[in-house]
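The structure appears right after this line, and notes come after that.
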Amino acid sequence: MQTLRQDIAYALRQMRLSPVFTLTAMLTLALGIGATTAIFSLIHSVMLKSLPVADPSSLYRIGDGNDCCIQGAPQTNWGMYSYPLYLRFKDAAPEFEHLAAFQAGGWQYSVRRSETDHQTKPLRGEFVTGNYFATFGIQAFAGRALSPADDKPSAPPAAMLSYRAWQQEYGADPKIIGTSFIVNGSPFTIIGIAPPGFYGETLRSDPPQLWMPIQQEPMLMGKNTILMKQTNAWVRVIGRLRPGATTDGLSARFTEILRQWLVTDFVAGELKSYLPQIKALAPKQIIKVIPAGAGVGAMKEDYKDSLRILLVVCCLVLLIACANIANLLMARGTARRMQTSLRLALGASRRRLIRQSLTESIVLSLLGGLAGMVIAYLGVKLVVALAFHSAHFVPIDATPSLPILAFAFGLSLLTGILFGTAPAWLASHTNPAEALRGASRSTRDKSSFPQKALVVVQATLSIVLLAGAGLLTRSLQKMERQNLGFETDHRVNIGVNAPFSSYSPEKLDAMYRELQERLSRLPGVQRAALALYSPFTDNWGEMIIREGQGVPNVTEDRGSSWDHVSPGYLETMGQQILRGRSITEQDTATTQNVAVVDEAFVRRFFKKGEEPLGSYFGLNEPQYSHTFQIVGIVREANYTDPSGHWRPPLFFVPLAQHVHYTTPMMQMIDDRTHLIESVVLQLHGSMSGLEPEIRRVVSEVDPDLTVLSIHPMQDQVANRLEQQRTVAQMTGLFGILALILSAVGLYGVTAYTVERRTSEIGVRMALGANRINVIRLVLRGAFLQILIGLLIGIPISIGCSRLIAAQLYQVKGWDPFVLAESILALGLCALVASIIPAQRAASIDPVTALRAE
């Protein structure tokens, strides 16, 4: 311990004597360690962190699928179920102390306090079973939590507020407990406030603000209730094991219940025509029971690839930083060769010199790690702000936790050993006799080889980073500039909460007409149109059956997205009608049900040469194949995913037309899809000053129709590319940082080489070499290292591009333009870094150089 204290004191003294070196090294390490720790913090929060609940290790999820929401077909990966199927699971699983179900996704509701002077607010709500909070071991911060007694059809409607909603929306009013709230027209009593930090069972942006008993779903949904529907998979299930119980055999038991249910209750009444196919698919259906201490991994699935890319990028930057520090330490070690030689001559052991050098490196890295924690804290906030720009709240805490501190400490220790090993080894192998004779000026000294090798490593890693950043940036540019098939300029999207399901079709039609007419008359508005959903929001998808076709194969890709829209919607969106006509005022409740389909729809459901216009099709079952007549074909538009990973066909049907189905499930689909959630305005100019007028008109048409958002259509497209933009921006930023670090490393090695070859350069100039010859000599040596780095790095870049292929849009891994830009950027930085030492070398006075030697 005494020796260790001496080594630490020596290291701190040396750092104090070289403040410029110390600050440069600490800043370099802080950037590398801070960036890596910031990304690890995100990975820990999104992928590794447990829910803020009691004993998360005893929580298990029934199923591991994350798709939302499944209707009328077996799931590829089971993770959601109908409420009746959940009840079967609950009865068959005595191993669970509690088995809770909760709504997947959740909806926004129009909420106001029952007093007439309180404003309506849009709150995100979630239906949960009465044992939901008991399953997670959650006690109310104020009031009480929902209980099984509240989850009965006859129980007074009760609800629980999130702590954040209580603070921000209602000013932490203590009198809110026991207050009556009107939720989508139905009264609920607030019985409790959830504790701070509890955001529900799923880490996601804008988590639930209101929890309601699942048995109250019929009261809010009315005739569109899905609570007891066998074919609607809309709840997820998490349970808490009893002490001493295990999950052995649970997967097989749940799987058997599922298979039996599929061929009995699932097809009963509404899907009998699919019974043979369901029977054939049933043996392939499997349910997994997985640990759920981290909750539902929806965000984990969405962001895991992006976070892994950023972590790899940060690690590469950290390696470049380590190479830079190693170069600095080796240069300083060379300057200390006389001192090291003297210590060896006086009897110091090589082991002690290595330990002392490593101690200095580790102390330096730990100090850099402390500075890196500040950068990590700010970096997490920056990445969250970039990745969730459109979200109001993301429950990710950037405060360093014990695992993050342990990671930063371990990373600092590792980097200290990593960049300190080579300098320590070189220092211990100094020849005292040669050093004391002044051999430090020998041109045959090979001590600069490790430094040059590190520059080659930096160049290799830099070209890999630059090429990766270039590919991601080019992919983002293609996404942003793609032809979406509709116009975004001078278009504004207004998000509204869905009208109450208790509204009659006649009331809905009258309200829609009035809303469209009044918005169209606002100053600066050219057109207004209504739709069930706007581009890049969740949309409905159903199986298409053309007239005369039998029961389709459920395993075939025969689905299509669709939208209920008002007259003039396609014109408002700027979608070109290629053939036929658009949806007009003449498409009323008493006329033939019609549809306008896009080009992708025609390609998928019609053979080449077939005439789509005038043809009929329907949804899901053969008996409805004569429902819609195709009256127009519109240019294909991307309404679902600007990244291009999922782009189904699309068709539009009039908002004023209803379909009268004989099966309850199909009738529920038609009723619910008439509850619009989007209004699109086409403007003459900007929307300056228009927002208050929009809110006023919507409120006057129906006070319970709440405006959720108003933003330009360009923002709506941009918000769907937040993740891709964040990855491209952060990768580009790290690429620039790597480039700077590599340039600094090259400058240091080149300057060091010039200093060591002062005598040689003096002799060359004395023998007739001019300034150009000397500059060429120095640049040739510098660019030789860069060239070797390129020869190694380019094949690695091409190979690594396959790892990010899933993140790219219309960009190949082998992109000559991206590689050329990366090589050019690295070459320019290398030129800037080496030209200064080269000019210094060309300015050497031969007489002075020879006299110094």
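The values are calculated or read from the model by the stated rules, or taken from the named source; none is laboratory data. None of the values given here were measured: they were computed from a predicted structure. For neighbour counting, all protein chains shown are included, and Cβ atoms are generated from backbone atoms with ideal geometry for every residue, glycine included. Heavy atoms of the whole protein, side chains included, go into the accessibility calculation; ligands, DNA and RNA do not. Shrake-Rupley method; radii C 1.70, N 1.55, O 1.52, S 1.80 Å.
Structure above, values below:
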item: Any hit, segment 836-848, residues being at pLDDT 80 or above, β-branched (Val, Ile, Thr), farther than 26 Å from GLN482 by Cα and open to solvent by 40 Å² or more (accessible area, probe 1.4 Å); result: yes
item: Total residues in segment 465-488, condition assigned to a loop (DSSP other than H, G, I, E, B), in contact (Cβ under 8 Å) with a residue 12 or more places away in the chain and of a type outside the set (Ser, Thr, Tyr); result: 5
item: Conditions (1) assigned to a loop (DSSP other than H, G, I, E, B); (2) out of contact with any strand residue (DSSP E or B) (no Cβ under 6 Å at 6 or more places or on another chain); (3) at pLDDT below 90; (4) open to solvent by 10 Å² or more (accessible area, probe 1.4 Å): number failed by GLN724; result: (1)
item: Qualifying residue in segment 63-75 (condition: open to solvent by 10 Å² or more (accessible area, probe 1.4 Å), modelled with pLDDT of 85 or more and not polar (S, T, N, Q)); result: yes
item: Failed criterion for GLY239 (all others in (1) at positive phi; (2) modelled with pLDDT of 95 or more hold); result: (1)
item: Residue that is surrounded by the most Cβ atoms within 10 Å (Cβ to Cβ), among those in segment 194-227 that are within 19 Å of the chain's Cα centre (by Cα) and charged (D, E, K, R); result: GLU201
item: Failed item in (1) of a type outside the set (A, V, I, L, M); (2) open to solvent by 40 Å² or more (accessible area, probe 1.4 Å); (3) closer than 23 Å to PHE651 by Cα; (4) within 33 Å of the chain's Cα centre (by Cα), with ARG481 passing the rest; result: (3)
item: Filter result for LEU12 (part of a helix (DSSP H, G or I), over 24 Å from ILE736 (Cβ atoms) and under 43 Å from the mean Cα position of the chain (by Cα)); result: yes
item: Which numbered condition GLY239 misses (of (1) surrounded by 18 or more Cβ atoms within 10 Å (Cβ to Cβ); (2) farther than 30 Å from LEU619 by Cα; (3) free of Cβ contacts under 8 Å to residues at least 60 places away in the same chain; (4) not hydrophobic (A, V, I, L, M, F, W, C)); result: (3)
item: Contacts under 9 angstrom Cβ, first residue in segment 387-403 being over 18 Å from ALA376 (Cα atoms), partner open to solvent by 60 Å² or more (accessible area, probe 1.4 Å), 6 or more apart; result: SER390/ASP715; SER390/ARG720; PHE393/ARG164; PHE393/GLN168
item: Residue within segment 649-661 that is within 31 Å of the chain's Cα centre (by Cα) and under 25 Å from GLY185 (Cβ atoms) present; result: no
item: Top-ranked residue in segment 502-527 [being of a type in the set (Gly, Ala, Ser) and modelled with pLDDT under 90; ranked as most open to solvent (accessible area, probe 1.4 Å)]; result: SER502
item: Among residues of segment 91-133, those that are open to solvent by less than 30 Å² (accessible area, probe 1.4 Å) and assigned to a strand (DSSP E or B), counted; result: 15
item: Meets criteria (among the small types (Gly, Ala, Ser) and touching a Leu at 6+ places or on another chain (Cβ under 7 Å)) for GLY420; result: yes
item: Qualifying residue in segment 528-535 (condition: surrounded by fewer than 20 Cβ atoms within 10 Å (Cβ to Cβ) and either assigned to a helix (DSSP H, G or I) or at pLDDT 90 or above (or both)); result: no
item: Within segment 489-522, considering residues that are aliphatic (A, V, I, L, M) and not in a loop (DSSP other than H, G, I, E, B), the one nearest to VAL679 (Cα to Cα); result: ILE494
item: Spans of helices (runs of 4 or more DSSP H) in segment 297-409 with at least 2 residues modelled with pLDDT of 85 or more, open to solvent by less than 30 Å² (accessible area, probe 1.4 Å) and over 30 Å from GLN716 (Cα atoms); result: 298-335, 350-387
item: Residue that is touching a residue at least 40 places away in the same chain (Cβ under 8 Å) and over 30 Å from ALA385 (Cα atoms), where the choices are THR231, THR202; result: THR231
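Yes/no per residue for (1) among the polar types (S, T, N, Q); (2) open to solvent by less than 50 Å² (accessible area, probe 1.4 Å); (3) farther than 23 Å from THR76 by Cα; (4) at pLDDT 90 or above:
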{"residue": "ASN539", "(1), (2), (3), (4)": "yes, yes, no, no"}
{"residue": "ASN553", "(1), (2), (3), (4)": "yes, no, no, no"}
{"residue": "GLN575", "(1), (2), (3), (4)": "yes, yes, yes, yes"}
{"residue": "ARG579", "(1), (2), (3), (4)": "no, no, yes, yes"}
{"residue": "THR591", "(1), (2), (3), (4)": "yes, no, yes, yes"}
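Quick grid of which residues meet (1) part of a loop (DSSP other than H, G, I, E, B); (2) more than 27 Å from GLU514 (Cβ to Cβ):
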| residue | (1), (2) |
| --- | --- |
| SER561 | no, yes |
| PRO567 | yes, no |
| LEU570 | no, no |
| GLY574 | yes, no |
| ARG579 | no, yes |
| SER582 | yes, no |
| GLU585 | yes, no |
| GLY609 | yes, yes |
| ILE633 | no, yes |
